[in-house]
Amino acid sequence: MMANQGISHRVNQWQKFCNDHKEKQMINPFSDWSGASHRQKLDKDDPNYGRPVEGSMTEYRGQQAGELISGEIMELCHVIADLGRKNADGSFCISFGQLFEAYTTISNKLVGMLMRARKQKLLTFPGEMLFQRRDDDVIITLFKIPSTQ
């Protein structure tokens, strides 16, 4: 009797899994399943356009990646403050070459993090992109060290 109950429970779990999967495929705009004719229309004005389904593993992984990148940007700002020259207005300046040399042991994503920090208006530098050797004398200015939340 007990084994019978275990099997029926597993069958029910499998059926639930199948139904959930089928439902997701029916609303997946990229699904090739027949019968998926009632797909959601993608609307660029929808606030959820381009965002993962709420509560999904994709959303969770995106949040984890965002937290990791934010931590790396905070570390970058602290390195600039430690190695750079403090200005009268409280900002910090450092040359890209000096920062690059110091950062080679910390991370290989320096330029991407600098661009991300600039997008967040934490720092600035001239030009769109920085390249090793060519831009070694370019000055990077850190406006403020972000506070930890």
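The values are calculated or read from the model by the stated rules, or taken from the named source; none is laboratory data. From a predicted model like this one, the values you see are computed outputs, not experimental measurements. Every residue, glycine among them, receives a Cβ derived from its backbone with ideal geometry; neighbour counts consider all protein chains shown. The accessibility values were calculated without ligands, DNA or RNA, using every heavy atom of the protein model including side chains. Shrake-Rupley method; radii C 1.70, N 1.55, O 1.52, S 1.80 Å.
Go through the residues of segment 130-138 one by one and say whether even a single one is without any contact (Cβ under 8 Å) to a residue 60 or more places away in the chain, in contact with a Cys (Cβ under 6 Å, 6 or more places away or on another chain) and either outside any helix (DSSP H, G or I) or open to solvent by 30 Å² or more (accessible area, probe 1.4 Å) (or both). Looking through segment 130-138, none of the residues is without any contact (Cβ under 8 Å) to a residue 60 or more places away in the chain, in contact with a Cys (Cβ under 6 Å, 6 or more places away or on another chain) and either outside any helix (DSSP H, G or I) or open to solvent by 30 Å² or more (accessible area, probe 1.4 Å) (or both). Going by the conditions given, is Gly66 at pLDDT 90 or above and within 30 Å of Gln120 (Cβ to Cβ)? Criteria met by Gly66. Taken over segment 14-41, residues that are surrounded by 10 or more Cβ atoms within 10 Å (Cβ to Cβ) and either modelled with pLDDT under 70 or over 30 Å from the mean Cα position of the chain (by Cα) (or both) amount to 9. Among the residues of segment 61-86, those identified as outside any helix (DSSP H, G or I) and open to solvent by 40 Å² or more (accessible area, probe 1.4 Å) are Arg85, Lys86.
Does Pro126 count as closer than 22 Å to Glu67 by Cβ, within 25 Å of the chain's Cα centre (by Cα), outside any helix (DSSP H, G or I) and not aromatic (Phe, Trp, Tyr)? Spelling it out, it is not the case that Pro126 is closer than 22 Å to Glu67 by Cβ, within 25 Å of the chain's Cα centre (by Cα), outside any helix (DSSP H, G or I) and not aromatic (Phe, Trp, Tyr). Would you pick out the residues in segment 98-123 that are closer than 16 Å to Glu75 by Cα and either assigned to a loop (DSSP other than H, G, I, E, B) or of a type in the set (Lys, Arg) (or both)? Those that are closer than 16 Å to Glu75 by Cα and either assigned to a loop (DSSP other than H, G, I, E, B) or of a type in the set (Lys, Arg) (or both): Thr104, Thr105, Ile106, Ser107, Asn108, Lys109, Arg116, Arg118, Gln120, Lys121, Leu122.
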